[in-house]
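Comments concern the structure below.
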Amino acid sequence: MVSKCLEFDHCRYNGDMITSHIVAKLKDYVDFLPVCAEMESGLGVPRNPVRIVLEEGEQRLVQPATGKDVTEAMNAFSASFLDSLDALDGFILKSRSPSCGTKDVRVYPSTGKSGAVEKTAGFFAREVLGRYPSLPIEDEGRLRNTRIKDHFLTKLFAFASFRKVRNEGRIKDLVTFHTENKFLLMAYNQTELKGLGSIVANKDHMAFGELIPEYQVHLYKAFSRAPRYTSNINVLMHAMGHFSEDLSDPEKAFFFEWIQKYREGKVSLCPAINTIRSWIIRFEDEYLMRQTFFNPYPEGLMEVDPVNSHIREDLWK
């Protein structure tokens with residue numbers, strides 16, 4: 001789901017539509033459900049802006065210019081709309097919006113001119129966060145950060161893939177999913193990886209319908225936080241072990257050099273991963289070819305930081 005003002009409609013309070021590079025690129029890969037919580041709560045376009053205001057210690061959603069309180073309307077829409085939805089894989093919401101902001105939304109002591117006294121999540125976003133605590137939920141502002149975006153996209157496509165498995169209703173599909181995500185899960189959470197492996201082993205011969213909810217709980221726990229750099233290194237070293245007897249000493253030294261530079265924060269993970277990928281192709285390692293760790297989301301979404309890209313601008317004009 002996405003806030004409708006992000007690349008979909010001119011529905012901001014002032015009639016604007018917000019440009020979001022990540023939302024624009026994702027249109028080729030996901031099915032978006034756009035929604036504008038403020039419009040659906042009875043506010044038109046253009047409209048006087050709303051803000052979160054403290055009234056006797058309670059946060060209310062108020063339109064200062066008119067004095068209109070839309071708290072109940074917003075809460076009613078949020079509940080009914082989310083009740084009507086089927087399966088979802090993630091959310092991209094408008095940053096700092098009093099309706100959709102996931103955090104850093106200003107709270108004011110009154111409707112008059114005054115500085116913010118605290119920060120919180122928007123009213124619609126609160127309902128989303130409360131109902132879907134394990135799903136990837138971000139705002140378009142935070143997704144400009146490469147690490148946040150990578151974690152968000154990895155979770156989004158992993159969970160979408162799992163949803164398809166869950167709907168298939170066959171244990172062999174779950175085994176395949178677990179096998180192909182083993183290295184990715186190893187990077188995210190080794191403890192949960194072991195637990196998930198035990199679930200898939202299914203020693204008690206449980207039916208798929210009984211097995212899949214337990215697997216889902218632990219899968220969501222595994223992806224609850226982004227992997228540490230040391231975990232990524234561990235996975236890469238594990239992968240290199242598949243080829244260690246077939247590599248020359250200079251090849252190993254070249255790989256270790258990239259690992260050390262990554263450890264020191266001098267380069268991204270890409271050079272070391274691409275080295276492994278070249279060996280996967282060279283030695284035709286079918287098992288590693290299927291590991292999502294090396295390609296966790298569509299290649300078209302992987303991009304160079306525009307600040308460093310050679311196509312950003314001609315610096316010699």
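Only residues that are outside any strand (DSSP E or B) and in contact (Cβ under 8 Å) with a residue 12 or more places away in the chain were counted in segment 30-69, giving 21. On inspection, Asp204 qualifies as at pLDDT below 95, over 20 Å from the mean Cα position of the chain (by Cα) and over 30 Å from Val50 (Cα atoms). Val175 falls short on exactly one of the conditions (1) exposed (fewer than 15 other Cβ atoms within 10 Å of the Cβ); (2) assigned by TED's automatic domain parsing to the domain that holds Ser41, and that condition is (2). Screening Glu38 with (1) buried (at least 17 other Cβ atoms within 10 Å of the Cβ); (2) modelled with pLDDT under 95 gives one miss only, at (2).
Scanning segment 138-159 for residues that are surrounded by fewer than 19 Cβ atoms within 10 Å (Cβ to Cβ) and in contact with a strand residue (DSSP E or B) (Cβ under 7 Å, 6 or more places away or on another chain) gives a single hit, Ile148. Please work out which residue is nearest to Pro64 (Cα to Cα), limiting yourself to segment 1-35 and to residues that are among the charged types (D, E, K, R) and crowded, with 18+ Cβ neighbours inside 10 Å. Among those residues, the one meeting the criterion is Arg12.
Hey, does segment 63-73 have a residue that's in contact with a helix residue (DSSP H, G or I) (Cβ under 7 Å, 6 or more places away or on another chain), within 14 Å of Cys36 (Cα to Cα) and in the same structural domain as Glu140 (by TED's automatic domain parsing)? Within segment 63-73, not a single residue is in contact with a helix residue (DSSP H, G or I) (Cβ under 7 Å, 6 or more places away or on another chain), within 14 Å of Cys36 (Cα to Cα) and in the same structural domain as Glu140 (by TED's automatic domain parsing).
The values are calculated or read from the model by the stated rules, or taken from the named source; none is laboratory data. Treat the numbers as computed from the prediction; the structure is a model and nothing was measured. Here Cβ is always computed from backbone atoms with ideal geometry, including for glycine, and neighbour counts include all displayed protein chains.
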